[in-house]
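> My questions all concern the structure below.
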Amino acid sequence: MVKMIGVYILLGIVALFAEDVKPWVPKLNSLSAFEKHVLINKGTEMPFSGEYVNTKEDGTYVCKVCGAALYKSGDKFDSHCGWPSFDDAIPGAIKETPDEDGSRTEITCANCGAHMGHVFKGERLTAKNTRHCVNSVSLEFQKKKATAQGLQKAYFAGGCFWGVEYYLEKIDGVKEVTSGFMGGHVSNPSYEEVVEHGTGHLETVEVVYDASKVSYETLAKAFFEIHDPTQKNGQGPDIGSQYLSAVFVSTPKERETIEKLIKILEGKGLQIATKILPSAPFYKAEGYHQNYYEHKGSTPYCHRHVKRF
Ligand SMILES: [Zn+2]
């Protein structure tokens, strides 16, 4: 207790008289009694009791008091000791001080001096032969923010591509929708060839989207709501194999998403005709098919929005 009061007096003096007041000092008042016990009075939490013993998520562990970044999740390992263990710290973030009796080495935040735990060397638990044994309560985890995954592509066939393009282009996060053909057996088919039913292609749109703004599932749901996925012979008045309903998937995850949505729709009593097909080369249609309704200044005859989810 005497030690703790001493720290407070010291910090109070620092706060009042130091030229640059340590910005984390007010934070000390909001610490719980147990946090003060560990961070200031160098206490130790019970093994296997802390919040971060088994966490494996990607991110950074920062000092509970001052917010300094101390450990990267990539350096965390399972030591089975009951405390979060790291075989390295962020360079310069941790200060090592041998205990008075020389038996152990204490680790503290190099920025504010808060107690973290102890470091052990020579245990041969990892290649770095080092274990920072840290109290969970001394840390705060900052999950790595989802990084922009860049632009992704999705492929949907739902009848005349003019209408599918028209609606999907209006979704936030969609950068570009291109009308074209997929799934046939000749390269670079012309519209005439496809219409004559000889090529096996489906009128398909390529959706380029920002995955950090809109999910594949959102796009797929929209797809199922802007065409009739129960029609088996085409779409609306457009009858023929090139107008069939299909999703061309590029990953197992996309396939799972479409299967899930089809199940939901079937659960609502709809008999879904939409096929799930593996993605294949996409051939852009002739220029006059692109942004058809926009150029024409009209709205689709064959597609409309129907809420199904
Ligand atoms: Zn700190």
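> So how many residues does region 138-151 have that are within 13 Å of the ligand (Cβ to nearest atom) and either surrounded by 19 or more Cβ atoms within 10 Å (Cβ to Cβ) or more than 24 Å from E51 (Cβ to Cβ) (or both)?
Residues flagged as within 13 Å of the ligand (Cβ to nearest atom) and either surrounded by 19 or more Cβ atoms within 10 Å (Cβ to Cβ) or more than 24 Å from E51 (Cβ to Cβ) (or both) within region 138-151 amount to 2.
> Yes or no: V25 without any contact (Cβ under 8 Å) to a residue 60 or more places away in the chain, within 16 Å of the ligand (Cβ to nearest atom) and among the β-branched types (V, I, T)?
yes
> Can you pull out every residue in region 59-87 that is without any contact (Cβ under 8 Å) to a residue 60 or more places away in the chain, closer than 20 Å to T44 by Cα and not hydrophobic (A, V, I, L, M, F, W, C)?
The answer is K76, D78, S79, H80, G82, P84, S85, D87.
> Out of all the residues in region 79-99, is one or more charged (D, E, K, R), buried (at least 18 other Cβ atoms within 10 Å of the Cβ) and within 11 Å of the ligand (Cβ to nearest atom)?
no
> Would you check if there is a residue in region 189-199 being under 20 Å from F224 (Cα atoms) and in the same structural domain as P281 (by TED's automatic domain parsing)?
There is no residue in region 189-199 that is under 20 Å from F224 (Cα atoms) and in the same structural domain as P281 (by TED's automatic domain parsing).
> Same structure again: With respect to E35, determine if the residue is away from the ligand (no atom under 16 Å from the Cβ), farther than 14 Å from H132 by Cβ and assigned by TED's automatic domain parsing to the domain that holds A127.
So E35 does not fit the description; no.
> Can you name the residue in region 50-61 that is buried (at least 16 other Cβ atoms within 10 Å of the Cβ) and not hydroxyl-bearing (S, T, Y) and is also nearest to the chain's Cα centre (by Cα) among such residues?
G59
> May I pose another question? For residues that are without any contact (Cβ under 8 Å) to a residue 24 or more places away in the chain, more than 8 Å from the ligand (Cβ to nearest atom) and of a type outside the set (A, V, I, L, M, F, W, C), scanning just region 109-121, find the one that is farthest from E35 (Cα to Cα).
So, considering only residues that are without any contact (Cβ under 8 Å) to a residue 24 or more places away in the chain, more than 8 Å from the ligand (Cβ to nearest atom) and of a type outside the set (A, V, I, L, M, F, W, C), the one farthest from E35 (Cα to Cα) is K121.
> Picking from E169, E165, which residue would you name as being within 24 Å of the chain's Cα centre (by Cα), surrounded by 14 or more Cβ atoms within 10 Å (Cβ to Cβ) and closer than 18 Å to A222 by Cβ?
That would be E169, the only listed residue that is within 24 Å of the chain's Cα centre (by Cα), surrounded by 14 or more Cβ atoms within 10 Å (Cβ to Cβ) and closer than 18 Å to A222 by Cβ.
> So, one more: Of the residues that sit in region 248-269 and are assigned to a loop (DSSP other than H, G, I, E, B) and touching a residue at least 40 places away in the same chain (Cβ under 8 Å), which one is surrounded by the fewest Cβ atoms within 10 Å (Cβ to Cβ)?
Here the residue is K268.
> For K64, which of the numbered conditions (1) surrounded by 17 or more Cβ atoms within 10 Å (Cβ to Cβ); (2) more than 16 Å from the ligand (Cβ to nearest atom); (3) charged (D, E, K, R) fails to hold?
Only one criterion in (1) surrounded by 17 or more Cβ atoms within 10 Å (Cβ to Cβ); (2) more than 16 Å from the ligand (Cβ to nearest atom); (3) charged (D, E, K, R) is unmet by K64, namely (2).
> When you go through R131, R124 one by one, which is the residue that is in a strand (DSSP E or B), away from the ligand (no atom under 16 Å from the Cβ) and not assigned by TED's automatic domain parsing to the domain that holds A285?
Testing whether each residue is in a strand (DSSP E or B), away from the ligand (no atom under 16 Å from the Cβ) and not assigned by TED's automatic domain parsing to the domain that holds A285 leaves just R131.
> Okay, next question. Return the residues of region 190-236 that are in a loop (DSSP other than H, G, I, E, B) and under 19 Å from Y301 (Cα atoms); say none if nothing qualifies.
Of everything in region 190-236, those that are in a loop (DSSP other than H, G, I, E, B) and under 19 Å from Y301 (Cα atoms) turn out to be H227, D228, P229, T230, Q231, K232, N233, G236.
> Taking T55 and the conditions (1) within 16 Å of the ligand (Cβ to nearest atom); (2) closer than 30 Å to K213 by Cβ, which numbered condition does it fall short on, given that it satisfies the others?
(1)
> Out of all the residues in region 282-289, is one or more exposed (fewer than 11 other Cβ atoms within 10 Å of the Cβ), of a type outside the set (D, E), assigned to a helix (DSSP H, G or I) and out of contact with any His (no Cβ under 7 Å at 6 or more places or on another chain)?
Checked region 282-289: at least one residue is exposed (fewer than 11 other Cβ atoms within 10 Å of the Cβ), of a type outside the set (D, E), assigned to a helix (DSSP H, G or I) and out of contact with any His (no Cβ under 7 Å at 6 or more places or on another chain).
> What residue, of E203, E217, is of a type outside the set (S, T, N, Q), surrounded by fewer than 17 Cβ atoms within 10 Å (Cβ to Cβ) and in the same structural domain as E165 (by TED's automatic domain parsing)?
Result of the check over E203, E217: E217.
The values are calculated or read from the model by the stated rules, or taken from the named source; none is laboratory data. Please read all numbers here as calculations on a predicted model, not as lab measurements. Every residue, glycine among them, receives a Cβ derived from its backbone with ideal geometry; neighbour counts consider all protein chains shown.
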